[in-house]
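For reference, the structure discussed in these notes is given below.
The values are calculated or read from the model by the stated rules, or taken from the named source; none is laboratory data. For clarity, every value in this text was computed on a predicted model and none was experimentally measured. FYI the Cβ positions are ideal-geometry reconstructions off the backbone, even for glycines, and counts take in every protein chain you see.
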Amino acid sequence: MAAPAVIELDNLCKTYGDHRAVDHLSLSIQKGEIFGLLGPNGAGKTTTILMMLGLTEPTSGMVRVCGIDPVRNPIEVKRKVGYLPDDVGFYHHMTGLENLLYTAALNGIPRAEAEKRAWELLEKVDLTDAARKKAGTYSRGMRQRLGLADVLMKRPEVIILDEPTLGIDPEGVRELLRLIRDLSRHEGITVLLSSHQLHHVQKICDRVGLFVGGRLLAEGNIERLAQQLFLQDAYVIHVVASPLDASLRSKIEAIPGVNKVEQTEDGWDVYCQTDVSAAISQTIIESGSSLFHLSRRDFGLDEIYHRYFEGRDVREGQ
Amino acid sequence: MYVKASKEERWANDVFSYVKRWSERLKVGALDEKKRARGANSAFSAIVKKELADYLTSWRMIILIALILLTCFGSLYTAMTTIRDALDSSEEAKEIAKGAYLFLKLFTVSDGTLPSFLTFVSFLGPLLGIALGFDAINSERNRGTLSRLMAQPIPRDYVINGKFVAALLLNAVLFLSLGLLVMALGILVLGIPPTFEEFARMVCFLLLCLVYIAFWLNLGILFSVVFRQAATSALSSMAVWLFFNLFYSMIVEVFAKSFLQSDAITSVEQAVGRQELVLGLMRLSPSYLFNESTTALLSPDVRTLGIVTVEQTAGAVAAPLPFSQSLLLIWPQATALIAATLICFAVAYWLFMRQEIRASG
């Protein structure tokens, strides 16, 4: 944690009339990290992003991007940050290449350098063949890739992608995510991406923040997220053994930390608070059953997400 | 002693290095600033260039410009034939023509088949302005390019300023070249060169046209900021244009009919006062202001734009006004037109700067 954070939010709030879009959000993102901002539609993701770019003023709280305050100095921030909006648009009557060159001109990049860089980036996002076609003829996936190239024209230190995978076919998503990961790994660019599609984010993010109703409910890698959200059943251990009978079941349930045991197709799922795999295997072996398989099931974001929202009503009731 | 000296020396050195570092930093800072300013300028000119290219290649503009060229040259042709016929009829006419600002008649004369150049410009100019402005901001918003544009390191007002400057530039080029072409054709066909005064009047007329079109352009831009749909903004601008061009004068006339012929008028002062009120109402319309001022500019015989009593005209020599006096005559009108234009732009600018930039919203 020695390196200064590239993006730092502290108690950030934004209210529209009575509606609180962002509620005391604190977050810090390190250099070179891929951070996924995860939440359902209307959670305040886009508002947060706009505040980072200085396109919307926060009601209260502090934002620092690359050490710069976007409220006071938005242009300086925009020099360092590339932003891909969720429904990125291009000038239809201009070709893909011309669109990139226009962005370069707005960034004050000299023409010759801009052209060289545009071709490099077009090759990177695999649009070389379509470079001279009108942007109006591009498919959604192509537009998103051109958007990524567009964002990279100014050689940003940070890129912020708002719902980058929305409306693209699976192959396109895979391609786009691979590109984003490569950028982060090879060029050290910090990436912040927002999404409501969990399995996309899960694949490439170093850290994820779960963002609901303007508040950050949990953050960390997938594992920590699970722990923060489900204090009770943080781990699920899948056991396949023979025979699995009632006495064994009661023994396992007696292990401290185990909450419940559920029957699945080929064995049992043991829900527990801490990782008690060792105790479970020992119990099974001591009882004389033969253990075929024992594995800790990792939570996917999908599951975290699903279980979070499933349990929301219960929690709110409390 | 030695130690003390070295201390002082060190201190002096420190100060020196501080000063040096500061001066270097200042120099670098100044350089940075210059570089940045140049970058900003190039960004602004990039926007203007792109917008100009967009206008010049869009079908909408090509059709409108073709329409304007066609109608203007049509009206010029009729004006020329009328004037030439008059000139050819006798030798004396030529002599009279030299003193009668014949050249300016090119813009105002018509033989009844086609309206004059002036009428066409006052009719089509606003249309051109509206066509240039009505989708300036909302089309960017609807295509999703506005948020991308806003994410670039440019001040927000560059977008709206750039569009305005590009549209104005296009208008300036179009109307100045049109005006100069008319002059050239006039010389060729009529064989009479314009005097300097006529030339100055023509240039002022063209500038006035530019201001008038800029007003409608800014109205279009204002509506493009206010309304999210391009069609709504186009129709609203057209509605305002129709209202001022056709209905406003009708409404004022209806009001004037009862107001001026009322039995309540007892004195001359009251009659004049009421007449002036009606005129003042008329002058709220930008198209009325434009017509008044262009008429005064192109017809030096127009001696006043207000009401004149018989006593005031008594003893006046019926001669055309000199250019400076005509200019003085239209000064308030021109000022009002420019003010209206600026107000429109200021409101559009203010609204745009306060508006939330959202990709979808």
Original post:
A:Met142 passes all but one of (1) closer than 28 Å to A:Pro110 by Cα; (2) under 17 Å from the mean Cα position of the chain (by Cα); which number fails?
Top reply: (2)
Subject >> Options B:Leu64, B:Leu52, B:Leu114, B:Leu118: the member that is more than 11 Å from chain A (Cβ to nearest Cβ) and surrounded by 22 or more Cβ atoms within 10 Å (Cβ to Cβ) >> reply: B:Leu118
**OP:** Only residues that are part of a helix (DSSP H, G or I), closer than 14 Å to B:Leu128 by Cα and over 19 Å from the mean Cα position of the chain (by Cα): list them for the range B:57-69, please.
**Re:** B:Trp59, B:Arg60, B:Ile62, B:Ile63, B:Ala66, B:Leu67
Subject >> Condition check for B:Val203: among the β-branched types (Val, Ile, Thr), free of Cβ contacts under 8 Å to residues at least 60 places away in the same chain, part of a helix (DSSP H, G or I) and buried (at least 18 other Cβ atoms within 10 Å of the Cβ) >> reply: no
**OP:** Give, as residue ranges, the strands (runs of 3 or more DSSP E) completely inside the range A:128-223 that count at least 1 residues that are touching a strand residue (DSSP E or B) at 6+ places or on another chain (Cβ under 9 Å) and without any contact (Cβ under 8 Å) to a residue 40 or more places away in the chain.
**Re:** A:215-220
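From the list B:Gly29, B:Gly74, exactly one residue is more than 13 Å from chain A (Cβ to nearest Cβ) and at pLDDT 85 or above. Which is it?
B:Gly74
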Original post:
Filter the range A:57-98 for residues that are more than 9 Å from every other protein chain (Cβ to nearest Cβ) and closer than 19 Å to A:Gly141 by Cβ; which is surrounded by the fewest Cβ atoms within 10 Å (Cβ to Cβ)?
Top reply: A:Thr95
Subject >> Condition broken by A:Gly108, with the remaining ones in (1) surrounded by fewer than 20 Cβ atoms within 10 Å (Cβ to Cβ); (2) within 13 Å of another protein chain (Cβ to nearest Cβ); (3) at pLDDT below 90 satisfied >> reply: (1)
**OP:** Considering every residue within the range A:79-86, establish whether at least one is of a type in the set (A, V, I, L, M, F, W, C) and in contact (Cβ under 8 Å) with a residue 60 or more places away in the chain.
**Re:** yes
Subject >> Which listed residue, of B:Ala37, B:Ala93, B:Ala46, B:Ala100, is under 30 Å from B:Val165 (Cα atoms) and at pLDDT below 80 >> reply: B:Ala37
Original post:
Are any residues in the range B:267-299 touching a residue at least 40 places away in the same chain (Cβ under 8 Å) and not in a helix (DSSP H, G or I), and if so, which ones?
Top reply: B:Arg283, B:Ser285, B:Ser299
Subject >> Failed criterion for B:Phe196 (all others in (1) within 22 Å of B:Ile68 (Cα to Cα); (2) free of Cβ contacts under 8 Å to residues at least 60 places away in the same chain hold) >> reply: (1)
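Residue-wise test of (1) over 19 Å from A:Ile160 (Cβ atoms); (2) in a helix (DSSP H, G or I); (3) at pLDDT 90 or above.
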site	(1), (2), (3)
A:Pro70	no, no, no
A:Asp86	no, no, no
A:Leu100	no, yes, yes
A:Trp119	yes, yes, yes
A:Asp126	yes, no, no
Subject >> Residue that is surrounded by the fewest Cβ atoms within 10 Å (Cβ to Cβ) [pool: residues in the range A:5-56 that are touching a Cys at 6+ places or on another chain (Cβ under 9 Å) and within 16 Å of A:Val77 (Cβ to Cβ)] >> reply: A:Ile7
**OP:** Go over the candidates B:Glu24, B:Glu9 one by one and state the one that is in a helix (DSSP H, G or I), among the acidic types (Asp, Glu) and modelled with pLDDT under 70.
**Re:** B:Glu24
